[in-house]
Amino acid sequence: MAEHIDVSIEHRNLPEPATNSKPHPNTCPGCGSHYRADELAEHLWVCPQCNHHFPVGARDRIKQLADEGTFVEEAADLRSEDPLDFFDLRPYQERLAEAELRSGLGDAIVIGRATLERVECELSVMDFQFMGGSMGSVVGEKFARACESAAERQVPVVSVTSSGGARMQEGILSLMLLPKTVCAVEDLKDAGGALISVMAHPTTAGVIASFASLGDVVVAEPGALLAFTGPRVVQQTTREKLPDDFGLAESNMRFGHLDGIIGRRDLRPYLGRVLRLFSHNGHGR
């Protein structure tokens, strides 16, 4: 687990480099091709040779999905506190400050109103770079506010998740966000709204056990790890050999847990079609 994350065991199940040398960040782990950052950005951070999906930050994801100039961020000023005065190797507040400096985000989620393919919606996008996308009090609160905003405006929520699970530095307060986000989704649906859930790599633990799995439509990116517990931990616990695709999107699709696996190049037009189905007038506004 990277030192700056320390949020959940699932992070230790991410693929490791094939060699002991640290690879260039723009080297594809699937086929070994090398790219410049601008080349990958042009292809939405998808390897044009083998279709490996590189991680994408929340800001870049919003640029890929929202119609240009339409995204208006909400609750940007919310910041996590340290109610438990948590200290492991370093104080929690120090880790928060480091994560904000590294990612440029106030916490592991960005929410706001936008149009996507000219259909109005509410976006909720997580960022794994901020403490492993862990769900602390601010993440749960911002997701709940996104659902409330969508319910008031009678528009769907598009949620993109990437998370290692609950944030251990907030203890039981973090675990309480599982029912809070579930209730937020139910209130959204009671108001006639809809949730479209897009699971990116990795979506694990408390996030997949709460709101990420509750979408009216649930899709994932190719090769994404979608599991409550990663394969390494399951294998160590059960002492049984697991299938090579255990917990991956393709396995989840095979067992009926997903409505589809959508590559990043096709995601925006796909979401546009789905949003039109769930919008109240069937057209963009």
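Kirkwood-based Rg over Rh for the chain (C-alpha set), two decimals?
0.95
Ignoring ligands, DNA and RNA, what percent of the 1.4 Å accessible area of the chain is carbon and sulfur?
C and S atoms contribute 54 percent here.
Please report, in debye to the nearest 20, how large the charge dipole of the chain is about its Cα centre when each Lys and Arg carries +1 at its beta carbon and each Asp and Glu carries -1 there.
Here the size comes out at about 640 debye.
Can you give me the accessible area per residue for the chain, using a 1.4 Å probe, in Å²?
Result: 47 Å² per residue.
What is the spin-label model distance, in nm, from T238 to Q154 if the labels are put 7 Å beyond Cα along the C-beta direction?
Placing both labels 7 Å beyond Cα along the Cβ direction yields 4.7 nm.
For a protection proxy built on the mean count of beta-carbon atoms within 10 angstrom, sort 245-258, 52-65, 78-91, 193-206 highest first, please.
Top of the packing list down: 193-206, 52-65, 245-258, 78-91.
At 222 nm, what value in deg cm²/dmol follows for the chain if DSSP H runs of at least 4 each add -39500 (n - 2.57) and the sum is divided by all its residues, to the nearest 500?
Helices in the chain give a 222 nm mean residue ellipticity of -9500 deg cm²/dmol.
Can you pull the Kirkwood radius for segment 66-161, inverse mean 1/r over Cα pairs, to one decimal in Å?
The answer is 14.1 Å.
Which percent, to the nearest 5, of DSSP beta bridges fully inside the chain are antiparallel?
About 45 percent, rounded to the nearest 5.
Once you have the Cα-Cα distance between D38 and E68, take 0.36 nm times their residue separation minus that, and quote the gain in nm to one decimal.
Stretched out fully, the D38 to E68 stretch lengthens by 8.9 nm.
The values are calculated or read from the model by the stated rules, or taken from the named source; none is laboratory data. Source: prediction; values computed, not measured. All Cβ positions, even for glycine, are placed from backbone atoms using ideal geometry, and neighbour counts span all protein chains on display. Ligands, DNA and RNA are excluded from the accessible area calculation, which covers all protein heavy atoms including side chains. Shrake-Rupley method; radii C 1.70, N 1.55, O 1.52, S 1.80 Å.
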